[in-house]
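Okay, so here's the structure we're looking at.
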Amino acid sequence: MRAVTQYANEPTEESGGRHGVSEIILETKELTRAFGGFVAVNGVNLKVRAGTIHALIGPNGAGKTTCFNLLTKFMPATRGAIRFAGRDITRLAPAEVARLGLVRSFQISAVFPHLSALENVRLALQRARGNSYDFWRSERVLGVFDARARALLEDVGLADFVNVQAALLPYGRKRALEIATTLALDPKMMLLDEPTAGMTHEDVDRIVALIGRIRAGRTILMVEHNLSVVEGLCDTITVLTRGSVVAEGDYATVSRNPDVIAAYLGTADG
């Protein structure tokens, strides 16, 4: 039986730096996940403000993706609690969390490889509107989703790849398609897991620019290990090492933190 920390009634707003006062849309308290004697996530207290880009960074093995799995309920917490959009979601199933508007992408692209870019986004739009995945319906019936699907593809820079099979897209474009399918679900909050992992410098620049474009009116929590990616993009950065939070703040603050330097470079002396 896993222990669950209960929330007291407390304010959901706090000072938000250059954003002023902003609602806390996602909060964790003492979030922990242990595998036998190994603690992958250890007492993480996280607050994400609505309308911001918040990065969860750290070296390989820091517990970033495990933390994402806990937030989206793909994995149960050993102890701790999670609150999203004013609701305790600690015991909810993954599908329930997604329906509340907490939607994630994955390190490995999760699009349908043998469908076109348009068909992938159209399927996501069907799901967002409560329709079943009716693959057998006519193009005339499914065509009601085409205009919105094309607009989303244009938003992520895929206007010229509408009819290209997803499996044939270059890797960076495939990740852009995944972001488009995530946007199609109209999430309250997007969780992007290593959106630039394995990319060339050109693709990294393209995805960083894309995230910057789609941020308006959205909240994004992204797992990332590359400090240069989050510089200038993220409002708040939380740094994990060995499953624990060692620093938090803007880029200037965390990049000078000796514990962060030690985690990335192996020495606190720089």
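We did not get these values from a lab; they are worked out from the coordinates using the rules stated. What you see is a predicted model, and the numbers here were worked out from it, not measured in a lab. Cβ atoms come from the backbone with ideal geometry, glycine included; neighbour counts cover every protein chain shown.
With each label modelled as a point 7 angstrom along the Cα→C-beta vector, the Arg91-Asn226 pair spans 4.2 nm.
For the pair Ala147 and Val162, label points projected 7 Å from Cα toward Cβ lie 1.3 nm apart. For the range 242-254, putting each phi into the Karplus relation 6.51 cos²θ - 1.76 cosθ + 1.60 with θ = phi - 60° gives couplings of 6, x, 10, 6, 10, 6, 7, x, 7, 4, 4, 6, 6 Hz, in residue order, rounded to whole numbers and with x for Gly and Pro.
Under 5 Å from the amide H of Arg104 lie the amide H atoms of Leu191, each residue being 5 or more positions distant or on a separate chain, with H modelled from the backbone and absent for Pro and chain starts. Fully extending the segment from Leu115 to Asp205, taken as 0.36 nm per residue of separation minus the present Cα-Cα distance, adds 29.8 nm. For every other residue with a beta carbon closer than 11 angstrom to the beta carbon of Val230, add +1 if it is Lys or Arg and -1 if Asp or Glu, then tell me the sum. Counting the neighbours of Val230, the net charge comes to -4.
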